[in-house]
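**Student:** Okay, here's the structure, questions in a sec.
A short reminder: the numbers here are calculations on the coordinates, not readings from a lab. Since the model is a prediction, treat every value here as computed from it, not as a measurement. Note that we place each Cβ from the backbone using ideal geometry, even for glycine, and neighbour counts take in every protein chain shown.
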Amino acid sequence: MKGVMRFGKKGKLSLRYIGPYNIIQRVGQVAYELELPQELSAVHSVFRVSMLRKCVGDLSYIIHIEDVQVIWDLTYEEVPIAILDHQVKKLRNKEMASVKVLW
């Protein structure tokens, strides 16, 4: 989704949730306020139910807070991992290079 920041690595099979955190209170019918640590003070503490998951006993599903680097303005830097493929398409009067990048 455009404009949504996810914690941790991006990818089809990567982990997308950090935690577990305690629920402080219910805010409205579909939102909950969580007790976040001081390192995540820049992140808003109220989350919609669809963004939360039940805490599972398997610790391999959980991303630890040390692995998450939150910048004060809530931006993140995408770093390319590898260049998978490149090609040059020839148009009528110019050439156009395209590169497939693994992020």
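**Student:** Going by how many other beta carbons lie within 10 Å of each one, how would you line up LEU34, LEU102, LEU52, fewest first?
**Tutor:** Going from sparsest to densest Cβ surroundings: LEU102, LEU52, LEU34.
**Student:** Take the Cβ-Cβ distance between TRP103 and LEU40 as r, set R0 to 25 Å, and report the resulting FRET efficiency rounded to the nearest 0.05.
**Tutor:** It comes to 0.60.
**Student:** Once the piece of chain linking ILE24 and LYS89 is laid out straight, how much longer is it, given 0.36 nm per residue of separation minus the C-alpha distance between them?
**Tutor:** Value of the extension gain: 17.8 nm.
**Student:** On to the next question. Suppose the chain between TYR17 and LYS54 were pulled fully straight at 0.36 nm per residue; how much longer would it get relative to their current alpha carbon spacing?
**Tutor:** 12.3 nm
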